[in-house]
1. Need pairs with beta-carbon distance below 6 Å; first residue in contact (Cβ under 8 Å) with a residue 24 or more places away in the chain and at negative phi and within the range 255-269, second within 15 Å of ligand 2 (Cβ to nearest atom) and among the acidic types (D, E); sequence gap 6+ or separate chains.
2. Only residues that are away from ligand 2 (no atom under 16 Å from the Cβ) and touching a residue at least 24 places away in the same chain (Cβ under 8 Å): list them for the range 45-72, please.
3. Please enumerate the residues belonging to the range 138-185 that are part of a helix (DSSP H, G or I) and β-branched (V, I, T).
4. Which residues, taken from the range 197-215, are within 15 Å of ligand 1 (Cβ to nearest atom) and open to solvent by 50 Å² or more (accessible area, probe 1.4 Å)?
5. Which condition number in (1) open to solvent by less than 20 Å² (accessible area, probe 1.4 Å); (2) within 24 Å of N132 (Cα to Cα) is the one that Q45 fails?
6. Of all residues being among the acidic types (D, E) and within 15 Å of ligand 3 (Cβ to nearest atom) in the range 116-157, which is nearest to L236 (Cα to Cα)? Just the residue, please.
7. Out of the residues in the range 253-279 meeting the condition of being of a type in the set (S, T, Y) and either touching a His at 6+ places or on another chain (Cβ under 7 Å) or closer than 19 Å to A116 by Cβ (or both), tell me which one is least open to solvent (accessible area, probe 1.4 Å).
8. Assuming K250 fulfils every condition listed in (1) closer than 20 Å to A60 by Cα; (2) open to solvent by 70 Å² or more (accessible area, probe 1.4 Å) apart from one, which condition is it?
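The values are calculated or read from the model by the stated rules, or taken from the named source; none is laboratory data. Treat the numbers as computed from the prediction; the structure is a model and nothing was measured. Cβ: placed from backbone, ideal geometry, glycine included. Neighbour counts: every protein chain shown. Just the protein is used for accessible areas: all its heavy atoms, side chains included, with ligands, DNA and RNA removed. Shrake-Rupley method; radii C 1.70, N 1.55, O 1.52, S 1.80 Å.
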Amino acid sequence: HAKSEGKNHFQFYRDELNTRAHDRLVLENRIRTAIDKQHFQLYYQPQIHLASGELIGLEALIRWIDPDHGVISPADFIPLAEDTGMIGRIGDWVIDTACKELKLLHAKGLDQIKVAVNVSAHQFKNGEHLCNVIQSALQGHQLQSKFLSLELTESILIDDINETIRSLNDLKGLNITLAVDDFGTGYSSLSYLKTFPIDVLKIDQSFIRDILEDKSDKAIVTAIIAMAKELDLHVLAEGVETVDHNDMLKEFGCDYAQGYYYCRPIPIEELIERYTEQS
Ligand code: C2E
Ligand code: MG
Ligand code: MG
Ligand code: MG
């Protein structure tokens, strides 16, 4: 009896694996089709200068607009796109589209706004290609490099430190802004901050969520802000959802904020409408 049960378990386990492998394959093919048919769209979320309340930049966040399934969030397809290398083509499209759409905003008079693009490990490892894509996007859309920023997560940066420094220097050589995304979640050594040519630390939203009540979160955030000041880096807080979050971060001397308190990620047309009406 025990033996047959074991066999059933194994059978179950194998079916489970097959189903998952099958699901992945289906998703992979759907992503491939979405790339070919250009079913992606960039949404943009404002980045605000806390002291003045002014809009200074946008973060481009990809959405997959599927004819059958509607809007699919990046968490549901970026990881697989990354594993399969499909993120290469998607990422190239993101950089070009972000530059193109920022020009639309500039043409409406909001001509000092920057755009930040998320870059995956796969893209960062193909540094030469990444630099080329950035250069041709900037040239093709007649955009000055100071208006483009790249967001790289801490985990991408700690892989091979010497290689990382080389790649970051190449990117910095293009005169773009470099930001560390989800800062504080990467379990990495802080010593690299002085060797990497980075400009901005984006404090991960997990530290902001309970900042009003949680003493350790408060301590971590104030420490990051103090350290950033000493290192001549700017700090942006992610996940700012309430006026209390906002006021506390402002009081702590955080430079920039981004979150639902200001605006959810929205398509460029909506963003233009919103920010040209009010001014
Ligand atoms: P991220 O770069 O850290 O982006 C911030 C995420 O937090 C976004 O989720 C944004 O919509 C969400 N967010 C913004 N404000 C708030 C807030 O006040 N509260 C809460 N709870 N969340 C907020 P989204 O758009 O689902 O993107 C998730 C992640 O997917 C991004 O995290 C980024 O790592 C990745 N991603 C998005 N677009 C791209 C892309 O074009 N390329 C690559 N490689 N990754 C991307
Ligand atoms: Mg980001
Ligand atoms: Mg983040
Ligand atoms: Mg994130």
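1. Close Cβ pairs (under 6 Å, with a partner that is within 15 Å of ligand 2 (Cβ to nearest atom) and among the acidic types (D, E)) amount to Q258/E238.
2. H49, L50, A51, L55, W64, I65, D66, P67
3. If the condition is that a residue be part of a helix (DSSP H, G or I) and β-branched (V, I, T), then I156, I161, T164, I165 are the ones that fit.
4. Across the range 197-215, the qualifying residues are Q205, R209, D210, L212.
5. The single condition Q45 does not satisfy is (2).
6. E151
7. If we take residues in the range 253-279 being of a type in the set (S, T, Y) and either touching a His at 6+ places or on another chain (Cβ under 7 Å) or closer than 19 Å to A116 by Cβ (or both), then Y275 is least open to solvent (accessible area, probe 1.4 Å).
8. (1)
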